[in-house]
1. Would you be able to say whether some residue in the stretch 154-162 is over 30 Å from Met77 (Cα atoms) and modelled with pLDDT of 90 or more?
2. Taking Thr124 and the conditions (1) closer than 26 Å to Ala19 by Cα; (2) more than 18 Å from the chain's Cα centre (by Cα), which numbered condition does it fall short on, given that it satisfies the others?
3. Going by what's in this entry, would Ser50 be described as in contact with a Leu (Cβ under 8 Å, 6 or more places away or on another chain) and touching a residue at least 60 places away in the same chain (Cβ under 8 Å)?
4. Can you tell me which of (1) modelled with pLDDT of 90 or more; (2) surrounded by 16 or more Cβ atoms within 10 Å (Cβ to Cβ); (3) under 30 Å from Glu16 (Cβ atoms) is the one Glu106 doesn't meet?
5. For residues that are farther than 28 Å from Pro143 by Cα and crowded, with 19+ Cβ neighbours inside 10 Å, scanning just the stretch 66-89, find the one that is modelled with the lowest pLDDT.
6. So which residues in the stretch 159-193 are under 19 Å from Asp83 (Cβ atoms) and either open to solvent by 30 Å² or more (accessible area, probe 1.4 Å) or not in a helix (DSSP H, G or I) (or both), if there are any at all?
7. Being buried (at least 16 other Cβ atoms within 10 Å of the Cβ) and closer than 14 Å to Ala186 by Cβ is the filter here; which residues of the stretch 140-150 pass it?
8. Under 7 Å between Cβ atoms, which residue pairs at least 6 apart in sequence (or on different chains) link something in the stretch 78-91 that is under 19 Å from Glu5 (Cβ atoms) with a partner that is surrounded by fewer than 15 Cβ atoms within 10 Å (Cβ to Cβ)?
Amino acid sequence: MVLVENHQMVRVGLKEMLAEYPTIRVVGEAEDAPEALRIAESLAPDVVLSEVRLGSTSGLELCHDLLTWCADARVIMLTVHDDEQYLSQAMHAGARGYLLKHISGEELVAAIHRVHAGELVVTTTAGHEASTVTRIESGEYWPGGRFGLTLRESEVLSLIVIGMNNHAIAGHLIVGEETVRTHVRAIYRKLEVNDRTSALAKALREGLFQ
């Protein structure tokens, strides 16, 4: 596998940690996208483990470019960003794993093996890995996507589910209350409901936020 990480200390730490596992062999490492592409073209790795943000370059763009040159590679994003938008972008780019850096070495190695075997592996701090993977495999990159909700509408609905009113949602998202009301009206229309209680009930009934 190839490691792509722009912070040298993190990259070295990952390499040393993975060296403890005989089933994993790191054949190359890179600190940015151009170097990663050169190495991948030369070595044709089975797995590429990359940070989402690579300084001035994007690991998401790298993922897309890598798979253009190395179609058989499995790309795993390893990041601190527990973010649905990054996750959805990574999946659109062709990544087969999205892992958070708080996971243990054993969990990372297990995930690498699972991705290499063809599985889709995702970790989230909310602990909803199974439902997240199910949504992604069905093409729904965030809760409510199959109903046509945008990422922001999904976020607003999630805040409705935990009991926030429009004023609280506006403060949380740092937007105006009229903007929130616009999102709420769109949520009602797309979920085919008429009020907050019905939207909440449908979100729970459909298992959008488990």
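The values are calculated or read from the model by the stated rules, or taken from the named source; none is laboratory data. All of these numbers come straight from a predicted model, not from anything done at the bench. FYI the Cβ positions are ideal-geometry reconstructions off the backbone, even for glycines, and counts take in every protein chain you see. Just so you know, the surface numbers come from the protein's heavy atoms only, side chains and all, with ligands and any DNA or RNA stripped out. Shrake-Rupley method; radii C 1.70, N 1.55, O 1.52, S 1.80 Å.
1. Residues of the stretch 154-162 that are over 30 Å from Met77 (Cα atoms), as a first pass: 160.
The next check asks that each one be modelled with pLDDT of 90 or more; those that pass are 160.
Within the stretch 154-162, one or more residues are over 30 Å from Met77 (Cα atoms) and modelled with pLDDT of 90 or more.
2. (2)
3. no
4. (2)
5. In this case the residue turns out to be Cys70.
6. If we filter the stretch 159-193 for residues that are under 19 Å from Asp83 (Cβ atoms), which is where we start, we get 159, 161-162, 169, 172-175, 183.
Those that are under 19 Å from Asp83 (Cβ atoms) and either open to solvent by 30 Å² or more (accessible area, probe 1.4 Å) or not in a helix (DSSP H, G or I) (or both): Val161, Ile162, His172, Ile174, Val175, His183.
7. If we filter the stretch 140-150 for residues that are buried (at least 16 other Cβ atoms within 10 Å of the Cβ), which is where we start, we get 140-145, 147, 149.
Matches in the stretch 140-150: Gly144, Gly145, Phe147, Leu149.
8. Leu78/Lys101; Thr79/Lys101; Val80/Lys101; Asp82/Thr125
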